[in-house]
Amino acid sequence: MNERITIADFVRDAAAILDGNALGYYRSGADRELTLADNENAFDRIRILPRVLRGVGRRDMATTVLGEPVSMPVIAAPMAMQRMASADGELDTARACRGADTIMVLSTISNTGVEHVVPERSGPVWFQLYVYRDRAVTENIIRRAESSGCRALVLTVDAPLIGQREADVRGRFRMPGHLDLPHVLNPDQPMSREADSPQSALNAYASDHLDQDLDWDIIDWIRERTSMPIVLKGIMHPDDAVTAAERGVDGIVVANHGGRQLDTVPAGIDALPAVVDAVAGRVEVLMDGGVRRGTDVLKALAFGARAVLVGRPLLWGLTVDGSAGAEQVLEILRTELDRAMALAGCPDLASIDRTIIA
């Protein structure tokens with residue numbers, strides 16, 4: 001029996017289950033996929049310098065993220081079209097986050113409406129937002145998320161257009177026709193039709209509808225329309241982090257969109273320390289990209305992240321065993337982080353800092 005005891009075990013088994021269309025979409029990166037690979041490899045280049053005799057018999061990894069209590073500093077990243085992985089898709093992820101007592105971030109490009117996901121989580125759900133050229137559509141999505149009980153809005157800022165994901169282009173990716181996208185324009189399943197030109201259906205849709213002219217004023221526009229905290233996802237440059245803090249956002253996510261946008265940008269963990277230093281505590285900083293081990297979480301926390309987001313590992317969990325598989329992925333990360341904290345001499349999250357990094 002091949003027991004699943006690591007994220008890599010779920011990667012292996014999910015690859016044997018998913019059809020080529022969904023597998024290619026979920027695991028693809030931009031261009032030569034250098035950043036995609038480096039998101040994981042960068043963690044391997046960082047060494048932990050453990051402390052000893054620190055009294056680690058009782059360990060505590062509970063924390064808060066934007067004031068939301070969570071059982072560990074690991075939350076679910078926004079992921080599009082999760083019903084390609086399991087029949088219940090986003091509902092399965094909501095159940096897994098409920099079981100693990102952590103935050104779920106729901107994607108605009110989800111197969112399940114926010115009105116159904118929030119009650120299933122029965123706890124904190126954040127909504128990830130893409131801004132349409134048609135601002136009335138965007139405003140309606142914001143109000144829909146807030147009225148459904150979402151507790152924060154996560155604005156993706158690194159996607160004025162969709163990166164060239166060559167696997168999706170070669171495979172002419174499109175969403176299976178039986179699935180819906182309840183938050184997007186044109187409810188007649190716009191991403192289930194093959195694009196007219198040689199590109200994926202997602203690229204074609206984004207080019208037609210997403211606003212490529214966004215600037216920093218979008219934050220003020222959103223703030224006028226919601227009382228939810230605003231988080232910017234996709235910050236990599238320290239100067240942008242400073243501007244975000246000056247604009248009064250509540251949090252930022254250091255991320256390169258899972259290596260799916262501009263290739264050859266740094267790994268998220270490599271960009272994290274400079275961003276943390278630049279904002280100097282004015283906003284909470286999260287990190288997304290390449291987290292596959294509890295030691296990865298430990299390293300991100302040591303560099304100043306409040307928590308990390310995980311995406312693809314949850315998709316592999318959904319594929320293998322629905323909500324139970326996704327929850328097992330979260331529990332693997334929890335167990336590995338707990339062990340890493342003990343062996344690094346860190347009894348709680350407050351004791352994790354850069355002194356444990358070699």
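The values are calculated or read from the model by the stated rules, or taken from the named source; none is laboratory data. As the structure is a prediction and not an experimental result, all values here were calculated from the model. Here the Cβ is made from the backbone with ideal geometry for all residues, glycine too, and neighbour counts use every protein chain on show.
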inquiry  = Against the conditions (1) at pLDDT 95 or above; (2) under 22 Å from Gly29 (Cβ atoms), where does Asp239 fall short? Just the number, please.
reply    = (2)
Single residue of Leu301, Leu309, Leu343, Leu286 found to be surrounded by 20 or more Cβ atoms within 10 Å (Cβ to Cβ), in a helix (DSSP H, G or I), at pLDDT 95 or above and not acidic (Asp, Glu) = Leu301
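Is there a residue being among the polar types (S, T, N, Q), over 17 Å from Asp263 (Cβ atoms) and under 19 Å from the mean Cα position of the chain (by Cα) anywhere in the stretch 42-63? Explain how you work it out, then say what you get.
Here is the first cut: in the stretch 42-63, the residues among the polar types (S, T, N, Q) are 63.
If we keep only those that are over 17 Å from Asp263 (Cβ atoms) as well, we get 63.
Now drop any that are not under 19 Å from the mean Cα position of the chain (by Cα), which leaves 63.
Yes, some residue in the stretch 42-63 is among the polar types (S, T, N, Q), over 17 Å from Asp263 (Cβ atoms) and under 19 Å from the mean Cα position of the chain (by Cα).
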ask   = Is there a residue in the stretch 127-135 that is in contact (Cβ under 8 Å) with a residue 12 or more places away in the chain and among the hydroxyl-bearing types (Ser, Thr, Tyr)?
value = yes
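Among the residues that make up the stretch 216-234, is at least one of them among the hydroxyl-bearing types (Ser, Thr, Tyr) and modelled with pLDDT under 95?
Taking the stretch 216-234 first, the residues among the hydroxyl-bearing types (Ser, Thr, Tyr) are 226-227.
Retained after the next criterion (residues that are modelled with pLDDT under 95): none.
No, because not a single residue in the stretch 216-234 is among the hydroxyl-bearing types (Ser, Thr, Tyr) and modelled with pLDDT under 95.
Considering each of Val329, Val291 in turn, give the residue that is buried (at least 24 other Cβ atoms within 10 Å of the Cβ) and part of a loop (DSSP other than H, G, I, E, B). Show your work before the answer.
Working: Val329 fails: part of a loop (DSSP other than H, G, I, E, B).
So the residue among Val329, Val291 that is buried (at least 24 other Cβ atoms within 10 Å of the Cβ) and part of a loop (DSSP other than H, G, I, E, B) is Val291.
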inquiry  = Go through (1) over 20 Å from Ser71 (Cα atoms); (2) assigned to a helix (DSSP H, G or I); (3) in contact (Cβ under 8 Å) with a residue 40 or more places away in the chain for Pro266 and report which single condition fails.
reply    = (2)
Single residue of Glu120, Glu90, Glu115, Glu68 found to be within 22 Å of Pro176 (Cα to Cα) and either in contact (Cβ under 8 Å) with a residue 12 or more places away in the chain or crowded, with 16+ Cβ neighbours inside 10 Å (or both) = Glu90
task = Just need a number here: residues in the stretch 112-141 that are under 19 Å from the mean Cα position of the chain (by Cα) and either closer than 30 Å to His237 by Cβ or among the aromatic types (Phe, Trp, Tyr) (or both).
result = 8
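Conditions tested, residue by residue: (1) at pLDDT below 80; (2) over 21 Å from the mean Cα position of the chain (by Cα); (3) assigned to a helix (DSSP H, G or I).
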residue: Asp168; (1), (2), (3): no, no, yes
residue: Met175; (1), (2), (3): no, no, no
residue: Pro182; (1), (2), (3): no, no, no
residue: Asn186; (1), (2), (3): yes, yes, no
residue: Glu194; (1), (2), (3): yes, yes, no
residue: Ser197; (1), (2), (3): yes, yes, no
residue: Asn203; (1), (2), (3): yes, no, yes
residue: Ser207; (1), (2), (3): yes, yes, yes
residue: Asp213; (1), (2), (3): no, yes, no
task = Would you tally the residues in the stretch 121-144 being in contact with a Ser or Thr (Cβ under 8 Å, 6 or more places away or on another chain) and either in a helix (DSSP H, G or I) or on the phi > 0 side of the Ramachandran plot (or both)?
result = 3
remark   = Screening Gly20, Gly57, Gly24 for residues that are under 24 Å from Leu330 (Cα atoms) and exposed (fewer than 12 other Cβ atoms within 10 Å of the Cβ) leaves only Gly57
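Just give me the residues in the stretch 246-263 being part of a helix (DSSP H, G or I) and surrounded by fewer than 18 Cβ atoms within 10 Å (Cβ to Cβ), in sequence order.
So in the stretch 246-263, the residues part of a helix (DSSP H, G or I) come out as 246, 257-259.
Selection gives Glu246 alone.
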